[in-house]
Each structure stands twice: as structure tokens, then as C-alpha cells.
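First comes the structure, then the notes that go with it.
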Amino acid sequence: MNVLNKEYQQLEEQIQLLNDKWSQQLEAEKLIDIEQVRALTQYPVLPQVQLSIDFQQYHRFIEELLTLLEEKQPSLEADTKALKSRISTKILEQWHPEVLTVHQRYFQAFAEEHHIASWLPYFVAEHAIRPFLQKATAEIRDELKKADVHGCCPACGEAPRLAIINKKGRKEITCPRCHYAWEVKKINCAHCGSEEPGKLEILKVEKDDSAEIHVCHDCNGYTKVIDVRKMIKKDSIALLDIKSIHLDFIAQENGYGMPDDTKVN
Ligand SMILES: [Zn+2]
Ligand SMILES: [Zn+2]
């Protein structure tokens, strides 16, 4: 089951290919000072530490993404060109803390000020920062394992909206932003941590036995749970997230949401 139109899905797949290419370019970099991470007393880690990001490189990533967007969606050309002419390495340094904390209103204000489609600056800022988040997260994986948190990804702060059933048959919360993944108990609410019997309800999806929605009667949060063992071709986690958007609709139609949406803002 899939509610997305084909064109949009193809675009997302192409953005994924870009993401993979960018990740390769970052492989040899060291973005994070582990001592800074060890000194922290709370999570999430990435918004609190200084990442060694090469902003010229981030700038290049954003330009490549804007070029892809204008090739695939010629109607966007005026907006992509306007944005290209407005951004500089210096502006992107200012964007950095705002994108790390998912401060969408900041980007909307930027869009309004420069008469650009309101979704575009945040969209490109977020997609182009992800390979940096993923690399930094990979560097501190051992430190993150010590985290005992619920409610957000201990690396980047994203709400725990998505889980897979992994090869071992365990429920594994997986972050589509930074790719950090951690196993939880099946009956555990990833938002508030509740494990009380009867508090977590499993919504099944019609005609799809590989997907469930785990909803919590304590905090009203939900997590999409996808059994990837049943998939022939395993999509990247970001694509799984996008392709399962119908599960978000079902959860939200039933009155569930993201209790911690504003947490890191
Ligand atoms: Zn994350
Ligand atoms: Zn809960």
C-alpha cells in the first residue's frame, strides 16, 4: 500500500542516491570530539556539541540538491534559482544550529524574507545536513549505547516515529535522520517509556501484515513498526519512512500524535 505518487517517490529515491554519495565523501572525515560527548549530562548529543562541518561542502550539497530539484520539477526553477543566489557559506553557518534543532519557523521566515516557496529552505537544509548527522552518529555509536532515553533519538533528537522488526525479530527504533537505531521491548512506548500492560495498543493495517502502528494510551504517541524481514527489497530507512506515510495518516486520524514534537526546539 502506498499513497505517494510515483514522481515524488522517484524524487525521494534520487535524493537518497545523493545522500549515499555525500556519505561516501564524508567517510574519511572526523566530525566530532568524543571528549565533548563524554562530558555531556543529557541527550540528545548532536545539538549540544560542536561538529567540524566544512560549510563549503554543506553549501555544495545544497546546490546539488537544488539542481536535482529543478531538473525533476521545472516549475520550481524560479525558487531554486532564487535560493541559490541567496545562500552563502556564511549564511549556512547560521543555518546550522537552526537545522539541528528542527527550527522550521526560522526557515519559513527566511523563505518569506526572500520570496521563496516556504518549504524549500528547510527541505534542502535538512536533507543536506543528514549525511553529516549520520557520520557524526556513527563516530559516537559506543557512547550512545550507554543512553537510557525515551522520547527522542539520543543522537539527533528526532521523535521515535519509526521502528523496524529486525533480523532477530526484535523491535528496533530507527532514526531516519541520523540512522541511529536501538532495540526496545515490544510493549514499550518509545515516547513516554510506559510498559504498563494494556497501555500500548497495536493497530494492524488492512491487507498489509508487514506494518503495524503502536499507539500509547498514556501519552497519545505512536510509532510505525515495519517488519523488514518480509520485504524482498530492503529500502533505506528514510525511504521506509516516506513510503509508510499512510501509517502516519491512520495514526493521526485516530487521534495520535508526536507528544515530544517541541522538545528540542
Ligand atoms: Zn537521530
Ligand atoms: Zn507513551
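For this structure, a couple of remarks:
- Look at region 45-63: where a residue is in contact (Cβ under 8 Å) with a residue 24 or more places away in the chain and more than 15 Å from Glu139 (Cβ to Cβ) and a partner is polar (S, T, N, Q) and not in a helix (DSSP H, G or I), sitting 6+ places away or on another chain with Cβ atoms under 8 Å, you get Pro47/Thr101; His59/Ser88.
- Number of residues in region 151-189 that are within 16 Å of ligand 2 (Cβ to nearest atom) and not in a loop (DSSP other than H, G, I, E, B) equals 5.
- Of all residues assigned to region 156-163, none qualifies as being touching a His at 6+ places or on another chain (Cβ under 6 Å) and touching a residue at least 24 places away in the same chain (Cβ under 8 Å).
- Applying the criterion of being among the aromatic types (Phe, Trp, Tyr) and under 25 Å from Lys21 (Cα atoms) to the residues of region 104-143, the residue that is surrounded by the most Cβ atoms within 10 Å (Cβ to Cβ) is Phe132.
- Residue in region 86-99 that is in contact (Cβ under 8 Å) with a residue 60 or more places away in the chain and not charged (D, E, K, R) present: no
- Helices (runs of 4 or more DSSP H) contained in region 33-131 and holding at least 1 residues closer than 26 Å to His150 by Cβ and either of a type in the set (A, V, I, L, M) or within 16 Å of ligand 1 (Cβ to nearest atom) (or both): 34-38, 89-100
- Matching option when the condition is at pLDDT 95 or above and surrounded by fewer than 13 Cβ atoms within 10 Å (Cβ to Cβ), among Ser85, Ser23: Ser85
- Selection count where residues are out of contact with any strand residue (DSSP E or B) (no Cβ under 7 Å at 6 or more places or on another chain) and away from ligand 1 (no atom under 11 Å from the Cβ), scope region 150-180: 5
- Count of region 195-233 residues which are hydrophobic (A, V, I, L, M, F, W, C) and either over 18 Å from Gly255 (Cα atoms) or out of contact with any Asp or Glu (no Cβ under 9 Å at 6 or more places or on another chain) (or both): 5
- Of the candidates Glu64, Glu35, the single residue that is surrounded by 12 or more Cβ atoms within 10 Å (Cβ to Cβ) and not assigned by TED's automatic domain parsing to the domain that holds His179 is Glu64.
The values are calculated or read from the model by the stated rules, or taken from the named source; none is laboratory data. Keep in mind it's a predicted model, so treat the numbers as computed, not measured. Backbone-built Cβ (ideal geometry, glycine too); neighbour counts: all protein chains shown.
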